[in-house]
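Have a look at the structure below before the remarks.
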Amino acid sequence: MQKYLSILFALSLPITLLHAYEKINGSIVIDEAHGLYWQDDFSSEKSSEDYDDAVAYCESLDLKGLTHWRLPTFRELFSITDYARVPTIAPAFTFMNDGTYWTSTPFAANKSRAWTIDFRTGETYYSYKTTNHAVRCVKTIPHNAKETR
């Protein structure tokens, strides 16, 4: 069932990997096609204690002077999945945990679970929020982004 959901999501998304990512300051990946900054440093390999810990971690992240990070939605995290590669994360990303990553998207049938993505395989799962998974924070690129670079 989850495999079919992955395929369904993939078909519903525009082709996103045809654009280039840019890496700045060695720890931030810019995705201009989606208007997002992505965290990509050694902390991207670490696991959270649980879902609430993941949310708190992103909210308190200060990466190279950038603040106001958050846990990505399922659609956002899925947008950096590249099924032509193993691991299935876009090549601009250097750091990756061997496990699954949290999204902020709750599982509709059970709010005590949230969606996750495993970049080793590209599979998606819904997991209890009491479980530990890796965290990759995201931030919307502000309108004055040229000043930030």
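A few comments on the model shown:
- So TYR125, is it more than 24 Å from ASN25 (Cβ to Cβ), part of a strand (DSSP E or B) and touching a Ser or Thr at 6+ places or on another chain (Cβ under 9 Å): yes
- Residue in the range 36-44 that is touching a His at 6+ places or on another chain (Cβ under 8 Å), surrounded by fewer than 18 Cβ atoms within 10 Å (Cβ to Cβ) and of a type in the set (A, V, I, L, M, F, W, C) present: no
- Residues satisfying the stated conditions in the range 110-133, i.e. crowded, with 17+ Cβ neighbours inside 10 Å and of a type in the set (D, E, K, R): ARG113, ASP118, LYS129
- Candidates LYS111, LYS139: the one that is within 22 Å of ALA56 (Cα to Cα) and free of Cβ contacts under 8 Å to residues at least 24 places away in the same chain is LYS111.
- The set of residues in the range 70-99 being in contact with a Leu (Cβ under 7 Å, 6 or more places away or on another chain), farther than 17 Å from LYS23 by Cα and hydrophobic (A, V, I, L, M, F, W, C) consists of PHE78 alone.
- Selection status of SER60, of a type in the set (Gly, Ala, Ser) and under 13 Å from the mean Cα position of the chain (by Cα): no
- Scanning the range 71-81 for residues that are over 12 Å from CYS137 (Cα atoms) and assigned to a loop (DSSP other than H, G, I, E, B) turns up at least one hit.
- ARG85 being more than 25 Å from ASN25 (Cβ to Cβ), of a type outside the set (A, V, I, L, M, F, W, C) and without any contact (Cβ under 8 Å) to a residue 40 or more places away in the chain: no
- Among the residues of the range 94-139, the ones that are more than 13 Å from the chain's Cα centre (by Cα), small (Gly, Ala, Ser) and within 17 Å of GLU76 (Cβ to Cβ) come to 1 in all.
- Among (1) within 21 Å of TYR21 (Cβ to Cβ); (2) at pLDDT below 95 - the single one THR103 does not satisfy: (2)
- The range 1-54 - residue that is in a loop (DSSP other than H, G, I, E, B), of a type in the set (D, E, K, R) and in contact with a strand residue (DSSP E or B) (Cβ under 8 Å, 6 or more places away or on another chain) and, of those, modelled with the lowest pLDDT: LYS46
- Taking the criterion of being outside any loop (DSSP other than H, G, I, E, B) and not hydrophobic (A, V, I, L, M, F, W, C), the residues of the range 99-122 that qualify are THR100, TYR101, THR103, SER104, THR105, PRO106, ARG113, THR116, ASP118.
- Against the criterion of being assigned to a loop (DSSP other than H, G, I, E, B) and within 11 Å of the chain's Cα centre (by Cα), PRO142 does not qualify.
The values are calculated or read from the model by the stated rules, or taken from the named source; none is laboratory data. For clarity, every value in this text was computed on a predicted model and none was experimentally measured. Quick reminder, even Gly has a Cβ in these numbers, built from the backbone with ideal geometry, and neighbours come from all protein chains shown.
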